[in-house]
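Worksheet: one structure, shown below.
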Amino acid sequence: MSIVSIVILAIIVIALIWAVMIYNNLVNLKHAVAKAWANIDVLLKQRHDELPKLVETCKQYKQFEQDTLQRVTDARGRVQEARMQQNMPALGQAETALRAGLGSIYATVEAYPELKAMESFQHLISRISGLENAIADRREFYNESVNVNNVAIEQFPEVFIANVFRFGSFDLLRFSENEKKDVNVKELFS
């Protein structure tokens, strides 16, 4: 075997090892996104299970705004549907509606001191608030995982391996602009 053949063979082996390393990195990134989504999914499921308890607790007060409770129930259904389909844009919109409905419940409860003082209500509010905070944390982690994946599959030379093996991009989980703007507290109480 000549020196030229050995050099060519060495270059081919190095290129294959390099391609395998890129492929493995892309697989890791894809699974990191899936893991981040699974973490959000668990929290959304837990919150999905808690919301009917909150609505039922509020319904004990007959004069409690039924429209507010209906908006939360409807939004809960849309969140569940988008979660099951892993449709990030629809999930972001449904989450925005659900959070607005929960904000309305929290504001409306101020008019019902007996409800606000109930231990079961306080426990549910605390549990849901904790889940909301955890969802926000996990959403940040999910979006970071998506961003790392999406950047990697577009960079040179990873783009070649990503295209050959059809590694795709993922959608970020975004909430509407209403989630980011300042809350008008006066509006909540009117």
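Here, each number is a calculation from the coordinates, and none is a lab measurement. Note that the coordinates shown come from a computational prediction; the quantities given were computed from them, not determined experimentally. Here the Cβ positions follow ideal geometry from the backbone for every residue, glycine too, while neighbour counts run over all protein chains shown.
Worth a mention:
- A Förster distance of 41 Å, applied to the separation of the beta-carbon atoms of N163 and E140, puts the FRET efficiency at 0.90.
- Dipole of the chain, positive end: most advanced residue of F175, H123, I11 [Cβ charges, Cα centre]: I11
- The chain: angle of helix 88-109 to the longest principal axis, Cα-based, in degrees nearest 10: 20
- The C-alpha atoms of the chain define a longest principal axis, and helix 119-152 lies at about 20 degrees to it.
- Given +1 at the Cβ of Lys and Arg, -1 at the Cβ of Asp and Glu and no other charges, the dipole of the range 1-141 around its Cα centre is 320 debye to the nearest 20.
- In degrees, nearest ten, helix 3-59 long axis to first principal axis of the chain (Cα): 10
- Distance from the range 149-177 to the range 71-133 (C-alpha centre basis), Å: 32
- Taking Cα centre as origin and charging only the Cβ of basic (Lys, Arg, +1) and acidic (Asp, Glu, -1) residues, the dipole magnitude of the range 1-80 rounds to 60 debye.
- Counting lysine pairs in the range 16-139 whose alpha carbons fall under 17 angstrom apart, excluding pairs fewer than 8 residues apart on the same chain, gives 6.
- At full extension, A10 and Y61 could sit 10.6 nm farther apart than now, given 0.36 nm per residue minus the alpha carbon distance.
- Here the scattering of the range 3-188 is modelled by Debye summation over its C-alpha atoms, one equal scatterer each and no solvent; at q = 0.17 Å⁻¹ the log10 of I(q)/I(0) is -1.07.
- Other residues with beta-carbon under 15 Å from the beta-carbon of A82 carry, at +1 per Lys or Arg and -1 per Asp or Glu, a net charge of +3.
- Across the chain, the mean sequence separation of Cα contacts (distance under 8 Å, 6 or more residues apart), normalised by length, yields a relative contact order of 31 percent.
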